[in-house]
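Accompanying notes for the structure given below.
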Amino acid sequence: MVLLAIWGFSMPDPSKGEEWMLSPSIGVKGIHNSNLLLTPLPHHDTYGYWVTPSAELAGKTERLDVSSKLSADVVGYFGAEDRHFTNVFAPLSVRYRTEKDLFGFNGGFTRDNTLLGELQATGVVLQFAQRNQWTFNPTWTRMVTEQLSIQSAVQLSDTTYETARLVDHRMVGGSGGLQYQLTERDQLQLTGYYTDFRTTDSPTAFRANFPGISMSLTHAFDESLTGTVYGGPRFLSSTTQTQTPGGSIDANETVWLAGASLMKKYERASIQVVFARDLTPSGFGLLIQTNRGEVSGAYEVSETLTCGLNLVGMLTTGKAGTAIAGTFPESRYVSVTPKMTWQFLEWWRAEVSYMYRWRDTDRAISSAESHATTFMVTYSPPHLTFSH
């Protein structure tokens, strides 16, 4: 309801000139995975199908941009795992400009599986469970001069799991700072943060807050190469309620977060390298520190054929809170995904991909790997456009 209200409020006045575009599509995907759950225990292969209808909607006026891509995954697995579920993705992005101000909103609703979304984000294997997540991220940027602007943002996420084995949680935060254009190629940003994290259904309630500051520098080496570095401390304070009468465990720690990215564009190719250390909530009911490195690239072999590669490596440690099964072990995760996309007809596209995944923890007999192959065909009819 909140999402619909924001959407209705953001609809432009037809009398002021507007352009709207609707892009529907439907995809059918077949999957084979040698170890879907990434378990070190004996297992069998899993086969599955995905049916993915989607519709991208975009609207634009002189001051307002609105976009959303509604989609769903109707999924069935057979073999080692006999499961049927539906994922839903309903994002919303809004931008409204005035002479000196830019108001924005990013958010929406996501219903996915923990092995799909949370594993790739944290490198931690949770239970095979559906996750429901609402996010609301309004932003405001005020131009003070041509070089200086004030930026502020609010972050809210509420996550629930459809299993009692995982812990629902909520994160609320805000940020504010200054952005200064040092030169035509250099941009400096100083930002202060405050984040509050708490579990909402755990028998051992956990809460943490971590204010902090961060400085970033973005440099455009040329028109095709851009790099960014950032870093700063977070002052982490946490409280874990124990099951003993009046018992609680308090902890304080300074955590240094940092990151860097480099993006290069060629005439027919692009490559991006990213490293980031962050604090992330987990369905285990705690905060975890992720050290993530990612390399992704794409190359246009021809007008109809594109090849891509994505490589992700993560080292994850528990930072605060108590895991359901006890002490949170250090976890290592790697995924490698080459893929090829072929536009074989005007409205038809085929994609073949392979994913290798490996994970390991400090616990005994914990190493596991999987091999997955995917073939997908997508039908995308012509865009529908409306203008006034």
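Sorted on the mean count of surrounding Cβ atoms within 10 Å across their residues, most packed first, peptides 214-223, 231-240 read 231-240, 214-223. Helical runs (DSSP H, four residues minimum) scored at -39500 (n - 2.57) apiece and divided by the length of the chain put the mean residue ellipticity at 222 nm at -1000 deg cm²/dmol.
Using a simple spin-label model with points 7 Å from Cα along the Cα→Cβ vector, what separation in nm is obtained for GLN343 and THR242? My value for the distance between the label points is 6.3 nm.
Of the residues ALA298, THR240, VAL124, the one whose Cα sits farthest toward the positive end of the charge dipole of the chain, with +1 on the Cβ of Lys and Arg and -1 on the Cβ of Asp and Glu, is THR240.
Pairs of C-alpha atoms in the stretch 2-387 farther apart than 34 Å represent 37 percent of all such pairs. Using a Cα-Cα cut-off of under 24 Å, which lysines could be cross-linked to LYS339, ignoring same-chain neighbours fewer than 8 residues away? Answer for LYS339, where 24 Å is the Cα cut-off: LYS29, LYS69, LYS264, LYS265, listed by chain and number. Extension gain, ARG83-ALA269: 0.36 nm per intervening residue step, less the Cα-Cα distance, totals 63.1 nm. How high is the relative contact order of the chain, in percent, counting Cα pairs under 8 Å that sit 6 or more residues apart? Relative contact order comes out at 13 percent. Pairs of Cα atoms nearer than 8 Å and 6+ residues apart set the relative contact order; for the stretch 284-388 it is 21 percent.
Since every read-out is calculated from the coordinates, none of them should be taken as a lab result. All of these numbers come straight from a predicted model, not from anything done at the bench. Quick reminder, even Gly has a Cβ in these numbers, built from the backbone with ideal geometry, and neighbours come from all protein chains shown.
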